1. Place the peptides B:40-47, B:119-126, A:71-78, A:26-33 in order of packing, highest mean first, counting for every residue the other Cβ atoms within 10 Å and averaging per peptide.
2. Tabulate in residue order the Karplus-calculated ³J(HN,Hα) for segment B:11-20, using 6.51 cos²θ - 1.76 cosθ + 1.60 with θ = phi - 60°, rounded to whole Hz; enter x for Gly and Pro.
3. If each of A:L4 and A:N107 carries a label point 7 Å out from its Cα toward its Cβ, how far apart are those two points in nm?
4. Rounded, prolate or oblate: which one fits segment A:71-161, using the alpha carbon gyration tensor with axes a ≥ b ≥ c (rounded when a/c is under 1.5, else prolate when a/b beats b/c, else oblate)?
5. May I ask you to derive the FRET efficiency for A:R119 and B:E220 from their Cβ-Cβ distance with R0 = 51 Å, giving the value to the nearest 0.05?
6. When DSSP assigns beta bridges and you keep just the ones with both residues in chain B, what percent turn out antiparallel, to the nearest 5?
7. So what's the angle, to the nearest 10 degrees on a 0 to 90 scale, between helix A:98-109 and the longest Cα principal axis of chain A?
8. If you take each beta carbon of peptide A:107-115 and count the beta carbons of other chains within 10 angstrom, what is the mean?
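Any read-out appearing in this document is the output of simple, stated calculations on the displayed coordinates, not a laboratory observation. Here the structure is a predicted model, which is why all the values come from computation and not from measurement. Virtual Cβ from ideal backbone geometry, glycine too; neighbours counted across all protein chains shown.
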Amino acid sequence: MSVLNPKMLELDRLWKIYDTPKGPATIVKNFNLKLKEGEFATLIGHSGCGKSTVLMMVAGLSEVSQGNMILAGKEAVGPGPDRGIVFQSPCLLPWMTAFDNVMLGVNQVYFTANKMERRQMAEYYLSIVGLGDAMHKFPSELSQGMRQRVGIARAFALQPKMLLLDEPFGMLDSLTRYELQEVLLELWRRNSITTLMVTHDVDEAIFLSDRVVMMTDGPEAEVGDILKIPFERPRNRKEIMEDPRYYELREHLITFLNDRSHIRPSREPEFVPSPDMAAEMAAHAFSFPAAAA
Amino acid sequence: MSLIEIKNASKGFGLLGDRSEVLKDINLSVEEGEFVVIIGYSGSGKSTLINLISGLVKPDTGVAMIEGKTITEPGPDRGLVFQNYSLLPWLTVEENIALAVDEVFKDWTKEQRAAHVAKHIGMVKLSHAAKKLPKELSGGMRQRVSVARTLAMNPKVLLMDEPLSALDALTRAQLQDEIAEIWLNNKTTVIWITNDPDEAILVADRVIPLLPTVPATLGEAITVDIERPRDRKAINHDPKFKKLRAHLITTLLDSKGKNKVKSSRKLTLPDILPEELTHVNGIEFLTRRGPKRRNEIKTEEVEVTA
């Protein structure tokens, strides 16, 4: 095992500004974040706050207006198979079986490997997500939850440098969502790919991630607070739900979303960063533009 | 005597040889004025269970009774609210509700019936939209019409089959609060079906899990002794809520794994690494034979659930 890269992803003063007839509209403002290799971070915020915009910028599907985005030491421009994405809807090709959907990407990135190895790759990941017996079915024959399993297997099979999850369980009912969270953790236990996930589900954020980044309401969304999740891995939902710290973390996040998401660090002179947020600010050695002016 | 009583009911579908049993040993009694939530996985037989009470489905064995009388067919004493609203698209909000009222209260005067319709439209806060057609309403508003139509029949029991599952999170929260408030005012007995543990605890007096065994059975009921009206923000800080929530979720998750047929399969994770496709790295892959490798082939036994 090689040494883990302490700076797998660096987002440095990222801005997203759209030109509109009424002048430029700032969607995301001065977004800073550093991810270590093998870290699972979650962006949480109200719908429309710009969390998906940040994720799409990292994916290379949305242009960065200002700022730098460095992935494993290289400036990342445009989309590529080094960043695996799982969308809210699984986006499978309906005329291909689950297996062929996964093979589509596998054939691209492992073009130097032989056919058997490529097939084993797809079979391995599809079996781990629980589709061992259903991998040759078409998307129309699978339930919504099973289709999303294919989407997750497809992303992992490419062994990307980063995994980007855009509300991956948003369309599922709550009980299926719990099952798929376990599936994701099971894969992640085998291969801890650096992950950035977007969600608005507080419990999902706590159960899956190492760090939760809370975003203020849009427009001009920015990082409002950061919270470290101290639970050991592998995680067990039952144990976590019995842990008194779970409820402290949950209350912290719920309070932020209910009462504090409108407070903007860059505009509130008396803003006091939480310890986790202060650590992130120190790592970037940045001050907010308002404070600097 | 309980208002609704189901005794030892079971139900299956299909013919001999291709038959699947859905429900087994269902025993349920609901008191008058009670708010009961039945929670379970999709496909576990929740709708079949509520249809035993509505009279749309007859049990194979056992009985379903209302006020001690065996249920044989649907009737206006049991009001149903479906997930997909089921409004008549060519009738306005008012006409949709009047349809039910005119059918049930035939002996009332025209004025009495009109007043009754108006009262229920007001109850779900749709007075401003009374003359609109369903297609002009949002999903949340359509479901409110459906609730008003059902309540206007003055049913003895309100049966709600995943009433809010098709709505977005914000509208769902709003309707949960509104329905809980309406219930607090008129105390109609409610049997509500859902798959959301938070929703269940927020609205119910009693939550009964439908366990996904094959065929499904009802689990042990959980009494929710949290004072009403319940505030959805404050409840998150309530230790009782936390305890009930953890208990309910673990009960449901534990029940899922038990009934599966498992077999293990030997899998090989091939020793290959992806090629760089985003950066042009010259002819690096031409100078070596085969793919990049990390020099270990992993094999493992994985449990495959059928």
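1. Per-residue Cβ counts within 10 Å, averaged per peptide and sorted highest first, yield A:26-33, B:40-47, B:119-126, A:71-78.
2. 8, x, 10, x, 8, 3, x, 10, 9, 10
3. Taking the two extended label points, one gets 3.7 nm.
4. Because a/c hits 1.5 or more and a/b fails to exceed b/c, segment A:71-161 counts as oblate.
5. Values: r = 47 Å, r/R0 = 0.92.
It comes out at approximately 0.60.
6. 60
7. Tilt relative to chain A: about 70 degrees.
8. Going residue by residue through A:107-115 and averaging, the value is 5.
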